[in-house]
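The values are calculated or read from the model by the stated rules, or taken from the named source; none is laboratory data. In this text the structure is predicted, and so the values were computed from the model without any measurement. Every residue, glycine as well, gets a Cβ built from its backbone with ideal geometry; the counts of neighbours run over all protein chains shown.
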């Protein structure tokens, strides 16, 4: 029976090992959330209302405004294209272009974001001669597109095939079938994709390094002028040697974490799988 | 614009033209330009990197990738740059990250699929998804202020003290900012991506196999061992894709790697990665005459490494999925 005991022993050791490893894998998230709250909350509470003012007053108001402007602008640029691309990939899944499109979207999902930032800098910032909200939004739009497109395609694929048959059976043209019947049916899934994409770009730093420029002493006034963003501000503050700046960075991190959680949790709870 | 609208309007109401338009397919007319735009955008990006990197290749040749020098000088003639240390740092830290992600993501997948009740399973999946989506700068600030001091005090210093005869541990952890810190942080960041792929694959294993193995009287450990063999290709592609993520990560890495031109096997010495090099040097590259093309050349390398890794990973995964479906 010693063979059996050995096997049983191995089994117990195995279960113990995977439990510990799993715990080690997810523990950082809780630690991160806890430290951001512990270090950030006192800063925000101490500053109170000032925290929404400019950096000179001890707040990050312009950065928050900048983040919202960037997310809005990048959605404006990226969403229409992303939706059309996603719909195309759904409609022609087996054609050569359709397959290539799907592969390209997957590659763009994984693509190093700093490269997108440098690209936007060389085609927008250098010709314009100045950092601008538009350049930042353009870079973010490139990052937003694949998320929205992939989600759109997945959401449309969930629609039962009979709806397609029925709509074509009515003699509708392809464009009407897709845009009048199938897209409205998939709107929930598409909206999820849009929100996930927005949550993603709201937290991006690397694409903004050489495009947005940063503006923290006054509120943004024009899309052709530099603009700040919360992640960008954190990156700058962390690199500064001053302790007061580090405290500000923690406060800003808490704000960013809250923005992320506010979008992510409702979306995540309303569906089963998320691809990031 | 109203002119075009009226024109289209008349087109749609003219019977013959309507037929022709239908043959061209209004749907394609609307969506295809968007698709072509995205392809062109991607090609344009590659073109921009290639075009801007060209002066570096002309001036230094391919040596720009293989030499470890970084001489920024006011006199243009004295400038000389090599990206070897950054490329080495990128590959080294990503390798550390994948080494950490491998056991954790496999254990997580087994644990989630086989051992936990459904409610707990959902929570674990949400946690993993959240880790995948968390803004990277939050990992960065946590890494710089919490993880690095922790690793320096409890991992690096003891290892250096007692095991410094091993080449990997031979460099003194002076500040804690090092390949090792960057690798660990990247490992934490990319584990969820590998987990998601491996978990899905593990879940896709046909139930008959599980039944067959159990009916042979195996313990769960033995069954898992066999089943893991079945999803080996998926594990491999999950790790490749995680490696791709690690290669491209910028801000979190640049806050913990120490940003020093260094080419060393020592885990605890500071270094550079391509992306952190671009993030750090791009701003002041305009002062010098020859630095900018070199940074673009680094970007090009990153572009191509990322492209190859992702295509390989996606291809392997797709091939495996097709095999399983049949």
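Take the residues in segment B:164-190 that are over 18 Å from residue B:150 (Cβ atoms) and within 26 Å of the chain's Cα centre (by Cα), then tell me which one is surrounded by the fewest Cβ atoms within 10 Å (Cβ to Cβ).
That would be B:168.
Which one is farthest from residue B:195 (Cα to Cα), of the residues in segment A:21-32 that are more than 7 Å from chain B (Cβ to nearest Cβ) and surrounded by 13 or more Cβ atoms within 10 Å (Cβ to Cβ)?
This residue is A:31.
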The one condition in (1) surrounded by fewer than 19 Cβ atoms within 10 Å (Cβ to Cβ); (2) at pLDDT 90 or above; (3) within 29 Å of residue A:174 (Cα to Cα); (4) more than 8 Å from chain B (Cβ to nearest Cβ) that residue A:94 fails to fulfil:
(2)
Return the residues of segment B:61-90 that are within 21 Å of residue B:265 (Cα to Cα) and part of a loop (DSSP other than H, G, I, E, B); say none if nothing qualifies.
B:67, B:68, B:69, B:82, B:83
Condition first: closer than 21 Å to residue B:29 by Cα and under 23 Å from the mean Cα position of the chain (by Cα). Now tell me which residues in segment A:151-182 satisfy that.
A:152, A:153, A:156
Residues being away from chain B (no Cβ under 12 Å), closer than 19 Å to residue A:139 by Cα and part of a loop (DSSP other than H, G, I, E, B) - total across segment A:213-252:
8
Any idea how many residues of segment A:109-120 are assigned to a helix (DSSP H, G or I), modelled with pLDDT of 90 or more and facing chain B (nearest Cβ under 7 Å)?
5
Looking at the structure I just gave you, is residue A:103 free of Cβ contacts under 8 Å to residues at least 24 places away in the same chain and within 23 Å of residue B:32 (Cα to Cα)?
yes
Condition first: without any contact (Cβ under 8 Å) to a residue 60 or more places away in the chain and either over 23 Å from residue B:184 (Cα atoms) or more than 10 Å from every other protein chain (Cβ to nearest Cβ) (or both). Now tell me which residues in segment B:232-248 satisfy that.
B:232
Scan segment A:75-91 for residues that are free of Cβ contacts under 8 Å to residues at least 24 places away in the same chain and either more than 8 Å from chain B (Cβ to nearest Cβ) or within 16 Å of residue A:197 (Cβ to Cβ) (or both) and jot them down.
A:80, A:84
Return a yes/no flag: does segment A:15-30 have any residue that is modelled with pLDDT of 90 or more and over 28 Å from residue B:146 (Cα atoms).
yes
Of the numbered conditions (1) in contact with a strand residue (DSSP E or B) (Cβ under 7 Å, 6 or more places away or on another chain); (2) without any contact (Cβ under 8 Å) to a residue 12 or more places away in the chain, residue A:215 satisfies every one except a single condition; which is it?
(2)
Looking at (1) away from every other protein chain (no Cβ under 14 Å); (2) surrounded by fewer than 24 Cβ atoms within 10 Å (Cβ to Cβ); (3) in a helix (DSSP H, G or I), which is the only condition residue A:159 fails?
(3)
In segment B:116-135, anything more than 7 Å from chain A (Cβ to nearest Cβ), more than 14 Å from residue B:200 (Cα to Cα) and in a helix (DSSP H, G or I) is listed as B:118, B:119, B:120, B:123
Here is a list: B:72, B:107, B:97, B:53. Which entry is surrounded by 14 or more Cβ atoms within 10 Å (Cβ to Cβ), at pLDDT 90 or above, within 36 Å of the chain's Cα centre (by Cα) and farther than 30 Å from residue A:17 by Cα?
B:53
Residues in segment B:249-265 that are on the phi < 0 side of the Ramachandran plot, within 12 Å of chain A (Cβ to nearest Cβ) and in a loop (DSSP other than H, G, I, E, B) total 2
Within segment B:266-290, restricting attention to residues that are part of a helix (DSSP H, G or I) and surrounded by fewer than 20 Cβ atoms within 10 Å (Cβ to Cβ), which residue is farthest from the other protein chains (Cβ to nearest Cβ)?
B:287
Tell me, which helices (runs of 4 or more DSSP H) wholly within segment B:143-222 include 1 or more residues that are at pLDDT 90 or above?
B:148-151, B:179-204, B:207-215
